Amino acid sequence: MLSVDEALEHILAETAQDKSSEALGVGDAFGRVLAADAIAATTQPPFDASAMDGYAVRFSDAAAAGGRLKLIGECRAGEAFSSPVAAGEAVRIFTGGVVPDGADHIVIQEDTEADGETVTVSAEQVRPR
């Protein structure tokens with residue numbers, strides 16, 4: 001009977017990996033393993049983008065349920081809003097929209113009630129860690 005250490009030694013001897021590396025184009029790399037970390041030359045997208053539909057706000061204005069904010073515009077995917085978000089304001093933002101200056105939180109649309117001119121936060125917000 002083999003010990004665990006001996007069995008492991010046999011397995012590793014049969015699966016020994018070639019530690020050499022070579023430079024390949026992406027099209028020739030199928031089935032290969034990276035020899036070093038791949039590092040992007042730029043951040044994509046090159047701006048802070050919303051990961052969900054909702055409202056761009058200042059966290060201090062929206063933390064507690066019941067906060068009512070003035071709706072000052074909207075920001076669609078890939079677009080930027082023209083002015084910063086000030087105290088008591090919100091910008092309707094869609095997934096992929098550029099988070100406006102002044103905003104530091106996105107309230108998901110399911111946690112709001114909007115009437116066209118204002119938006120009310122209907123659920124307590126939690127700051128992500």
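Here, each number is a calculation from the coordinates, and none is a lab measurement. None of the values given here were measured: they were computed from a predicted structure. Note that each Cβ is placed from the backbone with ideal geometry, even for glycine, and that neighbours are counted across all protein chains shown.
Observations on the structure shown:
- For the range 20-94: relative contact order, % (alpha-carbon pairs under 8 angstrom, 6 or more apart): 33
- Across the range 60-71, coupling constants 3J(HN,Hα) worked out from phi with the 6.51/-1.76/1.60 Karplus curve, θ = phi - 60°, read 4, 7, 10, 4, 9, 4, x, x, 10, 10, 7, 7 Hz, and Gly and Pro carry x.
- Check: the chain dipole with +1 on Lys, Arg Cβ and -1 on Asp, Glu Cβ, in debye: 500
- Extension gain, Gln17 to Asp101: 0.36 nm times the residue separation minus the Cα-Cα distance gives 25.2 nm.
- Per residue, the average separation of C-alpha pairs within less than 8 Å and at least 6 apart gives the chain a relative contact order of 26 percent.
- Using 0.36 nm per residue and subtracting the Cα-Cα separation, the extra length available between Thr118 and Arg76 on full extension is 13.3 nm.
- Residues with amide H under 5 Å from that of Val99, placed H, sequence gap 5 or more: Asp48, Ala49, Ser50
- In the chain, the longest principal axis of the Cα atoms and the axis of helix 4-14 are about 90 degrees apart.
- The modelled label-to-label distance for the pair Asp53/Ile39, using points 7 Å beyond Cα in the direction of Cβ, is 3.9 nm.
- Reference-scaled alpha-carbon Rg (2.2 N^0.38 Å with N residues) for the range 69-129: 1.06
- Compared with the direct C-alpha span, the chain from Asp28 to Val126 gains 30.7 nm at full extension, assuming 0.36 nm per residue.
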